[in-house]
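**Q** Here it is: the structure, laid out below.
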Amino acid sequence: GDGSSGGGTVSIAAGAGSTGVGGDLTLSSGLSSSISGGTISLVVGDSVSTNGGDINLTSGLSTGGLGGNIYLEAGAGTSSGSVYFVDPASSSNFGVISDSTFDFSGQSSVSMSSTGTVQLSASTTMSFTATNGISMGDSNVSGFEKGSQTVGHIVPGELILNTMSGKITSESTDLAASDTDTITLYNSRVSASSLVMVNPSSDGGCMPFVHKAEPAPGYVTIKVTNMAATACTSAYTLSFWVVN
């Protein structure tokens, strides 16, 4: 009921159990064979001077096992239902969670933060898109896929390294002045439209110059010429980076 200082209270409770399972509480609405099923609404009181009432969902405490869970289960149908978040001012949906969607595009900005680690994972592909670009927030970015391999580890003049970046050690250790090494890097990350950047990372006592890094489906052809007046005295190394 209403009151001049405080509204009335309605309590619905299930029984406690001292040794077994406590009582259950079920709220259910009617089934319909042709139109929408019945609705259950939980509405708390408004306030004209202080805060509006709260709805608290609290699962059970356990002193010897796991605490109780809270499940929000949308209905099954020709397509599964969703959980919607509604703007109290406009009554429009600003967010939805379903079995295939986590969509808060109704908001101008959404923040997700943690005092520790936030981990996002996907079993196949993860995509990030933004109309005005993606900012890393001037932060250290690490964990790029990388590897290393020596030319000729299986076939002379060739190597296999299926990573987005890496270090290549030359097969030759005494590349003569003005001579050219032709290296074929087989890499499953590379397509004909990839951008592949290759640079010397150690010179092997000479002056290796990369004048070709041509991508093709599944491999890159790299040409390196010794621009020094003398031969290399050891193997040189190259660093590469693939951009798709």
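The values are calculated or read from the model by the stated rules, or taken from the named source; none is laboratory data. Treat the numbers as computed from the prediction; the structure is a model and nothing was measured. Cβ atoms come from the backbone with ideal geometry, glycine included; neighbour counts cover every protein chain shown. Side chains are part of the model used for accessible areas, which takes the heavy atoms of the whole protein and leaves out ligands, DNA and RNA. Shrake-Rupley method; radii C 1.70, N 1.55, O 1.52, S 1.80 Å.
**Q** So in segment 193-230, with the set limited to residues that are polar (S, T, N, Q) and touching a Cys at 6+ places or on another chain (Cβ under 8 Å), which one is most open to solvent (accessible area, probe 1.4 Å)?
**A** Filtering segment 193-230 down to residues polar (S, T, N, Q) leaves 193-194, 199, 201-202, 221, 225-226, 230.
Add one more test, that the residue is touching a Cys at 6+ places or on another chain (Cβ under 8 Å), and what stays is 226, 230.
Details: Asn226: 1, Thr230: 87 Å².
Among those that are polar (S, T, N, Q) and touching a Cys at 6+ places or on another chain (Cβ under 8 Å), it is Thr230.
**Q** Residues of segment 62-90 being open to solvent by 60 Å² or more (accessible area, probe 1.4 Å) and at pLDDT 85 or above, which ones?
**A** Step one: filter segment 62-90 for residues open to solvent by 60 Å² or more (accessible area, probe 1.4 Å), giving 63-64, 66, 69-73, 76, 78-80, 84-86, 88-90.
Once the filter is applied, which keeps residues that are open to solvent by 60 Å² or more (accessible area, probe 1.4 Å) and at pLDDT 85 or above, segment 62-90 yields Tyr84, Phe85, Val86, Ser90.
**Q** In addition: If you check Gly116 against the conditions, is it on the phi > 0 side of the Ramachandran plot and either loosely packed, with under 14 Cβ neighbours inside 10 Å or of a type outside the set (Asp, Glu) (or both)?
**A** Details: on the phi > 0 side of the Ramachandran plot: no; either loosely packed, with under 14 Cβ neighbours inside 10 Å or of a type outside the set (Asp, Glu) (or both): yes.
Against the criterion (on the phi > 0 side of the Ramachandran plot and either loosely packed, with under 14 Cβ neighbours inside 10 Å or of a type outside the set (Asp, Glu) (or both)), Gly116 does not qualify.
**Q** Restricted to segment 28-56, and to residues that are polar (S, T, N, Q) and surrounded by 10 or more Cβ atoms within 10 Å (Cβ to Cβ), which residue is modelled with the lowest pLDDT? Break it down stepwise before answering.
**A** Residues of segment 28-56 polar (S, T, N, Q): 28-29, 32-34, 36, 39, 41, 47, 49-51, 56.
Those left that are additionally surrounded by 10 or more Cβ atoms within 10 Å (Cβ to Cβ): 29, 47.
Values: Ser29: 72, Ser47: 80.
Selected residue: Ser29.
**Q** Follow-up. Considering every residue within segment 214-226, establish whether at least one is without any contact (Cβ under 8 Å) to a residue 24 or more places away in the chain and over 26 Å from the mean Cα position of the chain (by Cα). It would help to see each step written out before you state the result.
**A** Our first condition is that a residue be without any contact (Cβ under 8 Å) to a residue 24 or more places away in the chain; within segment 214-226, this holds for 214.
Still in the running and over 26 Å from the mean Cα position of the chain (by Cα): 214.
Yes; the residues of segment 214-226 include at least one that is without any contact (Cβ under 8 Å) to a residue 24 or more places away in the chain and over 26 Å from the mean Cα position of the chain (by Cα).
**Q** Now, a different point. Do we have Ser59 as part of a loop (DSSP other than H, G, I, E, B) and either open to solvent by less than 60 Å² (accessible area, probe 1.4 Å) or among the basic types (Lys, Arg) (or both) here?
**A** Working: part of a loop (DSSP other than H, G, I, E, B): yes; either open to solvent by less than 60 Å² (accessible area, probe 1.4 Å) or among the basic types (Lys, Arg) (or both): yes.
Answer is yes for this residue.
**Q** Within segment 140-166, track down each residue that is of a type in the set (Ser, Thr, Tyr) and open to solvent by less than 70 Å² (accessible area, probe 1.4 Å). It would help to see each step written out before you state the result.
**A** From segment 140-166, those of a type in the set (Ser, Thr, Tyr) are 142, 148, 150, 163, 165; that's our starting set.
Those that are of a type in the set (Ser, Thr, Tyr) and open to solvent by less than 70 Å² (accessible area, probe 1.4 Å): Thr150, Thr163, Ser165.
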